[in-house]
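One structure is given here, and the rest of the page talks about it.
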Protein chains: 2
Amino acid sequence: MTRVFNFSPGPATLPEPVLRQAAQEMLDWRGSGMSVMEMSHRGKEFMSIHAEAEATLRELLAIPANYKVLFMQGGAIGENAIVPMNLIGRTGRADYVLTGDWSKKSYKEARNFGTVNVAATAESSKFTAIPEQAAWKLDPGASYVHICSNETIGGVQFHWTPDTAGVPLVADMSSDILSRALDVSKYGLIYAGAQKNMGPSGLTVVIVREDLLGHALPVTPSAFNYKTQAENDSMYNTPPTYAIYIMGLVLQHVKATGGMPAVEEHNRAKARLLYDFLDGSSFYRNPVAKEDRSLMNVPFWLKDAALDEAFLKGAQARGMIQLKGHRSVGGMRASIYNAMPTEGVQALVQYMKEFESQHG
Amino acid sequence: MTRVFNFSPGPATLPEPVLRQAAQEMLDWRGSGMSVMEMSHRGKEFMSIHAEAEATLRELLAIPANYKVLFMQGGAIGENAIVPMNLIGRTGRADYVLTGDWSKKSYKEARNFGTVNVAATAESSKFTAIPEQAAWKLDPGASYVHICSNETIGGVQFHWTPDTAGVPLVADMSSDILSRALDVSKYGLIYAGAQKNMGPSGLTVVIVREDLLGHALPVTPSAFNYKTQAENDSMYNTPPTYAIYIMGLVLQHVKATGGMPAVEEHNRAKARLLYDFLDGSSFYRNPVAKEDRSLMNVPFWLKDAALDEAFLKGAQARGMIQLKGHRSVGGMRASIYNAMPTEGVQALVQYMKEFESQHG
């Protein structure tokens, strides 16, 4: 068996020890005589798995007690509607900050549920920078301000937390949750699809301050009503049990390997390797403002797009896959989430050097 | 390793060969160097898994070409809202037939999206029978008629297909899809959470006739818009990839073991074993009308509820779990989905005999 270096933007590579444990426990979870997939979500075995996953997430991210943690379905794109359904009812208005494709998608979807204002947009820079806070036009009567903390396509990331003057800050953290230390208390709500840093697709984590619950619009489906799910410990409907189990294993792995400080340091070192190389090269380029570069998704372009296919083919031959850029922007993209080892980034940089010396 | 006989109403027991294959492929799916969990949903490996799962489902259920098969999230409880969001817009009205807790839940949720009529209800019989078609009060202007083909709590099941005089028939088949032969062409839409007969929780299958698409209400989230998902081969957002993979393995297993005729015969034989025993006993009872009894979920009550705990404890000691009835009705319930082997039902009947002879 040879494992590849998988640079997929998500679903993405997972820690090998997690996969080994999942394989080993597949037919019989700890003497229960069942796979986790087969367990009733209301049985004591799965209840313990569910509770431990939540407790570990709370511990790793230091989630304050006045926040609920919900395990839901529908991914971040589902949440693009579910967030306004649940939150916009307080005042009927919301602010959105546009930093790329994902936040634009969130904004468009929200317009079905109230009056939605663009508080700031980086469109004029082609989304290569995060708009400075001073330029944001915030509505003090907004129900919330929405940002996407990391844009996987453009490769920009917030490296500071906006000050929204008391209006709840809502963040789509799908692609950088669990990648660095986080002060949850600065947010009203955080949501994230699990399939980048936390586990398999099909699981959405929502962290929501309790006082924001209870404003759902009447069209909110019960399964997607935060208050209903909070009151039922995310078991109003059958949760995605196996995905929660895998996330729990990933969280345990993060904890065992040093927690958020170690993860963040690891991610910063990996990203530095790649950006330093890009900045020193005239063959490859990354157009993002240095202070706004993503530690998770590194898009880059070859000098000549005619070489793209050869680059990808050579990478594949060396066991490095999913480096093709998003179809909307072309070029390359290396997604280097938590579970991408340093060796993967080293191998990529080494290959990029060789390719440049052959084709530069 | 000792595997239990798991009578859980869902998530439920899965075929052991499926679990063995999943364990074996966990770290490296067929030489790809990745777990299925780690695959980009847009990569060729997962695309082939997705396509094969759909093709096998189409083959097993003989799904006509003018039906779309969608792989979604949110479970049947999510669909309780998603169905009216997508379908009620045509006329603004829908008919619901109430046969137990699940269809009642569907009905209540639908009322947020239009005028919803109870076409028939079995409430007067305490949901121990399916209401006769002759008594249904159908609205010819309804956008659809909704039924639940099998009620897991009451243990009643449709053994005939309603004639709705051209109005599209919508069925929640969460708990009996893939358990017997099915004429899909008699339905406008079928939906089912996967976690009984098809795979893990977190995956919802929707089979919808193409001409019903395109009537979604403006509040329908994009991720839950059938037309949007149909146009994007269920990849408008990241699908629950691992659950789709496991479902694909289950479907292959069903195909390899004889397809729907063999599955149906197996299920009928298992249910007969249990119902014949119940009917011959004065210690246990099942109150459901014989012609409406579920082949999937068999609720039964002991003569004396004071013996329930002892019954469950003895079952557990013999490796039979999750036999406790739903908290709303008490008693016992044996869920005997596809993957429950005959030996499991035989062991249960044997134990019930012994328990009766000791306590009867």
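Assorted remarks:
- Segment A:17-28, subset more than 7 Å from chain B (Cβ to nearest Cβ) and in contact (Cβ under 8 Å) with a residue 40 or more places away in the chain, residue nearest to the chain's Cα centre (by Cα): A:Val18
- Hits in segment A:230-253 - residues which are on the phi > 0 side of the Ramachandran plot and surrounded by fewer than 18 Cβ atoms within 10 Å (Cβ to Cβ): A:Asp233
- Index of the failed condition, B:Ala94 passing every other in (1) touching a Ser or Thr at 6+ places or on another chain (Cβ under 7 Å); (2) surrounded by fewer than 17 Cβ atoms within 10 Å (Cβ to Cβ): (2)
- Some residue of segment B:66-75 being open to solvent by 20 Å² or more (accessible area, probe 1.4 Å) and touching a Ser or Thr at 6+ places or on another chain (Cβ under 7 Å): no
- B:Leu274 within 18 Å of B:Ala129 (Cα to Cα) and either touching a Phe, Trp or Tyr at 6+ places or on another chain (Cβ under 8 Å) or open to solvent by less than 30 Å² (accessible area, probe 1.4 Å) (or both): no
- Residue in segment B:180-200 that is touching a Pro at 6+ places or on another chain (Cβ under 6 Å), within 24 Å of A:Thr220 (Cβ to Cβ) and crowded, with 19+ Cβ neighbours inside 10 Å present: yes
- Filter result (assigned to a helix (DSSP H, G or I) and open to solvent by 10 Å² or more (accessible area, probe 1.4 Å)) within segment A:295-321: A:Ala305, A:Ala306, A:Leu307, A:Asp308, A:Glu309, A:Ala310, A:Leu312, A:Lys313, A:Gly314, A:Gln316, A:Ala317
- Breaking point among (1) closer than 25 Å to A:Met39 by Cα; (2) away from chain A (no Cβ under 14 Å); (3) buried (at least 19 other Cβ atoms within 10 Å of the Cβ); (4) among the charged types (D, E, K, R), for B:Lys324: (2)
- In the condition set (1) touching a strand residue (DSSP E or B) at 6+ places or on another chain (Cβ under 7 Å); (2) open to solvent by less than 10 Å² (accessible area, probe 1.4 Å), B:Arg209 is compliant with all but (2).
- When residues of segment A:154-168 are limited to those that are touching a Pro at 6+ places or on another chain (Cβ under 9 Å) and open to solvent by 10 Å² or more (accessible area, probe 1.4 Å), the one nearest to A:Thr121 (Cα to Cα): A:Gly154
- Taking every residue in segment B:241-253 that is in a helix (DSSP H, G or I) and pairing it with any residue that is among the acidic types (Asp, Glu), at least 6 positions away or on another chain, the pairs with Cβ-Cβ distances below 7 Å are B:Gly248/B:Glu52.
Residues checked against (1) without any contact (Cβ under 8 Å) to a residue 60 or more places away in the chain; (2) not polar (S, T, N, Q):
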{"position": "B:Tyr96", "(1), (2)": "yes, yes"}
{"position": "B:Asp101", "(1), (2)": "no, yes"}
{"position": "B:Gln157", "(1), (2)": "no, no"}
{"position": "B:Gly193", "(1), (2)": "no, yes"}
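- Residues satisfying the stated conditions in segment B:56-82, i.e. in contact with a helix residue (DSSP H, G or I) (Cβ under 9 Å, 6 or more places away or on another chain) and in a helix (DSSP H, G or I): B:Thr56, B:Leu57, B:Glu59, B:Leu60, B:Gly75, B:Ala76, B:Ile77, B:Gly78, B:Glu79, B:Asn80, B:Ala81, B:Ile82
- Sole residue being within 14 Å of chain B (Cβ to nearest Cβ) and not acidic (Asp, Glu), chosen from A:Ala110, A:Ala119, A:Ala142, A:Ala134: A:Ala110
- Of all residues making up segment B:29-44, the number that are assigned to a loop (DSSP other than H, G, I, E, B) and either facing another protein chain (nearest Cβ under 7 Å) or open to solvent by less than 10 Å² (accessible area, probe 1.4 Å) (or both): 7
- Test: residue in segment B:82-104 that is facing chain A (nearest Cβ under 9 Å), within 23 Å of B:Tyr187 (Cβ to Cβ), touching a Leu at 6+ places or on another chain (Cβ under 9 Å) and of a type outside the set (Phe, Trp, Tyr): yes
- Annotation note: of A:Asp304, A:Asp308, A:Asp292, the sole residue that is acidic (Asp, Glu), more than 28 Å from A:Trp102 (Cβ to Cβ) and at pLDDT 95 or above is A:Asp304.
- Looking across segment A:1-16 at every residue that is open to solvent by 30 Å² or more (accessible area, probe 1.4 Å) and out of contact with any Gly (no Cβ under 7 Å at 6 or more places or on another chain), the one that is nearest to the other protein chains (Cβ to nearest Cβ) is identified as A:Met1.
- The residue that is nearest to A:Met37 (Cα to Cα), counting only those in segment B:229-260 that are of a type in the set (Val, Ile, Thr) and more than 10 Å from chain A (Cβ to nearest Cβ), is B:Val250.
- In segment A:47-56, the count of residues that are farther than 20 Å from B:Pro11 by Cβ and without any contact (Cβ under 8 Å) to a residue 40 or more places away in the chain is one or more.
- Selection within segment B:45-73 - more than 12 Å from chain A (Cβ to nearest Cβ) and among the polar types (S, T, N, Q): B:Ser48, B:Thr56, B:Asn66
- Total residues in segment B:345-360, condition within 15 Å of B:Phe5 (Cβ to Cβ) and surrounded by fewer than 20 Cβ atoms within 10 Å (Cβ to Cβ): 5
- Hey, A:Thr152 touching a Phe, Trp or Tyr at 6+ places or on another chain (Cβ under 8 Å), farther than 27 Å from B:Pro218 by Cβ, of a type in the set (S, T, N, Q) and touching a residue at least 40 places away in the same chain (Cβ under 8 Å) or not: yes
- Selection over segment B:212-224 of residues that are within 23 Å of the chain's Cα centre (by Cα), open to solvent by 10 Å² or more (accessible area, probe 1.4 Å) and within 14 Å of chain A (Cβ to nearest Cβ) gives a count of 0.
The values are calculated or read from the model by the stated rules, or taken from the named source; none is laboratory data. Since this is a predicted model, take the numbers as computed values, not measurements. Here Cβ is always computed from backbone atoms with ideal geometry, including for glycine, and neighbour counts include all displayed protein chains. The accessibility values were calculated without ligands, DNA or RNA, using every heavy atom of the protein model including side chains. Shrake-Rupley method; radii C 1.70, N 1.55, O 1.52, S 1.80 Å.
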